[in-house]
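Since the structure comes first, as structure tokens, the remarks are kept for the end.
The numbers here are math on the coordinates, done by the rules we state, and not lab data. Fair warning: this is a prediction, and the values are worked out from it, not measured in the lab. Please note: Cβ atoms are built from the backbone with ideal geometry, for glycine as well, and neighbour counts cover all protein chains shown.
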Amino acid sequence: MTSEKKYNKGFVILTAIIVAFGGLLFGFDTGVISGALLLIKDDPTLVLGGLEQLPSRTQEWIVSITVLGAAIGALGSGKISDNLGRKKVIIITALVFAIGSVGLGVAGTITELIVWRFIIGIAIGVASYCVPLYISEVSPSHARGALVSINQLAITVGIFASYLVDLGFANFDEGWRWMFLVGLIPSLILFVGMFFLPETPRWLLKRGEEEKARQTVDKIGEPDPEKVMENIRVNLRKENKEESSWSTLTAKWVAPALIIGVGIMFFQQFTGINTIIYYSPTIFEMAGFGLGGENAVYDAILPALPIGFVNVLFTVVAIFLVDRWGRKPLLYLGLSGMILSLVTIGIAFTFFNDNAVALKWMSFTSMIIYIPFFAISLGPIAWLLISEVFPTKIRGLGMSIATMVNWISNFVVANTFLTLGKSITGTMPSPVDPNESIINLGGAFFVYAAVGVIGLIFINRYIPETKGHSLEEIEDHFLKGKHPRDL
Ligand code: BGC
């Protein structure tokens, strides 16, 4: 109890909030494109060759190049942040976000847009890995779950904010430029804020910078700073027996951590979250929500708002529950709810496609139910677990591999969603215009539900309950060759 009382709450929370601007930018820059694209594709200054609209393949590239950039950024950032330190890497990333926002805002051609989206993607990848890493390394263990989850909250706030900004500029001439430019504000806050924060004690000790590490531990207000320092030292010494990070990575005792990290990220993405985050206007349109008329762009963005809002709200709930209930109960509950709602979306499209009203409301309700279940489970907990299970020496490398798996899986899902639906359940008459045929998305949702069922088994077999354990205890457990489930 004393440890909970004594640590410097204000400092730790403020630190987590500043760093979480990296998460906010991750959310903002992935979300903003959903609305911006609607304006870009019709912008006569960008569309060349006498075409009225940007070909859909080019549109797909504008969306997905960022996710690819993020995969590359995530892979590279492990090594860089182990060498340069977490703090410097986040500062550089903030700068890239800032330059990228301006680059996108003033882009004159589609090629420029794609190049800047790729560059922003690299920054997103680095942030998606570096922010939870930093927060976990400055958090006292009893509050680590909640503090690391602030990052997920920031991602959802970023997504919601991007929907709002999209809506605000939807009726502006070349409004997409403003949508991107708004990203400059959080980039600058992150850039400036980071100069006031310390490097993490774990990284400093690894570098042999005892004095500075001690200062940071004192700032965090750990009740027994010497014990914290000693725990980190002991773990570093143990790991130093290994030759290099890569050889540690292939060490037998590290295998469970890798399986957990890679597996949880696979399941986070292959249960379909970003089909809803990136495509909800498309899905709503296919389900028969009339999106058209004068305010077509505005109307298409509007239904995404409740999705974005519920996502934020339930991430807050997760933050309260994650260190109380623990990770596993939330994962079971959340994933089960996700599976059920995925099945109902699938049923709506497959069996109620001749009943426009049922299709419309069943799919909408299921999506609105799916989001909170994701937000209390795989959303925050996947990122949290990968910040907890890797040993200090390869934490950077291990997390970046898991993060890269997250982005590659995201890319695969986002790029196959429509094709998957079409190849399994074919097409159906459009609820808006029965003479028109549209893709039946039902098949895709059944696949994500099936993946979710395998995910439940995975959680049961491999996921440890890390609640209340220090990073050193978790590492020790693996070092002794014990099964993750027995933690
Ligand atoms: C996922 C993102 C997703 C977001 C939605 C994150 O945890 O990694 O892919 O868009 O949650 O809130």
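Quick notes
- Karplus (6.51, -1.76, 1.60) ³J(HN,Hα), θ = phi - 60°, over segment 195-202, in Hz, Gly and Pro reported as x: 5, 8, 9, x, 6, 6, x, 5
- Rounded to the nearest Hz, the phi-derived 3J(HN,Hα) couplings of segment 113-124 under the Karplus curve 6.51 cos²θ - 1.76 cosθ + 1.60 (θ = phi - 60°) are 4, 5, 4, 5, 5, 5, 4, 4, x, 4, 4, 4, where x marks glycine and proline.
- Degrees separating the helix 210-220 axis from the principal Cα axis of the chain, which is the longest one: 60
- Considering only alpha-carbon pairs that sit under 8 angstrom and 6 or more positions apart, the relative contact order computed for the chain is 23 percent.
- Taken one residue at a time, the phi angles of segment 150-161 give Karplus couplings (6.51, -1.76, 1.60, θ = phi - 60°) of 4, 4, 5, 4, 5, 4, 5, 5, x, 5, 4, 4 Hz. Gly and Pro are set to x.
- Against the main long axis of the alpha-carbon atoms of the chain, helix 21-40 sits at an angle near 10°.
- The angle between the Cα long axis of helix 184-194 and the main principal axis of the chain comes to about 0°, on a 0 to 90 degree scale.
- Calculated [θ] (222 nm, deg cm²/dmol) that DSSP helices of n ≥ 4 give over the chain, each run adding -39,500 (n - 2.57): -25500 deg cm²/dmol
- Averaging Cα coordinates gives a centre for segment 444-487 and one for segment 375-418; these two points are 13 Å apart.
- A Förster radius of 35 Å, combined with the Cβ-Cβ distance separating ASN8 from LYS422, puts the computed FRET efficiency at roughly 0.05.
- Cα gyration tensor, segment 355-422 - rounded (a/c under 1.5), prolate or oblate: oblate
- In segment 411-482, the trypsin sites (Lys or Arg not before Pro) that fall in loop regions by DSSP, at most 12 other Cβ within 10 Å: LYS480
- Database remark: amide H of THR427 closer than 5 angstrom to the amide H of ASN440 (H placed geometrically; neighbours at sequence offset of 5 or more, or on other chains; Pro and chain starts carry no H).
- Principal axes of the chain: Cα extent on each, largest first, Å: 72, 46, 40
- When you filter the GluC sites (Glu not before Pro) in segment 426-487 for DSSP loop state and at most 11 other Cβ atoms inside 10 Å of their Cβ, you are left with GLU436.
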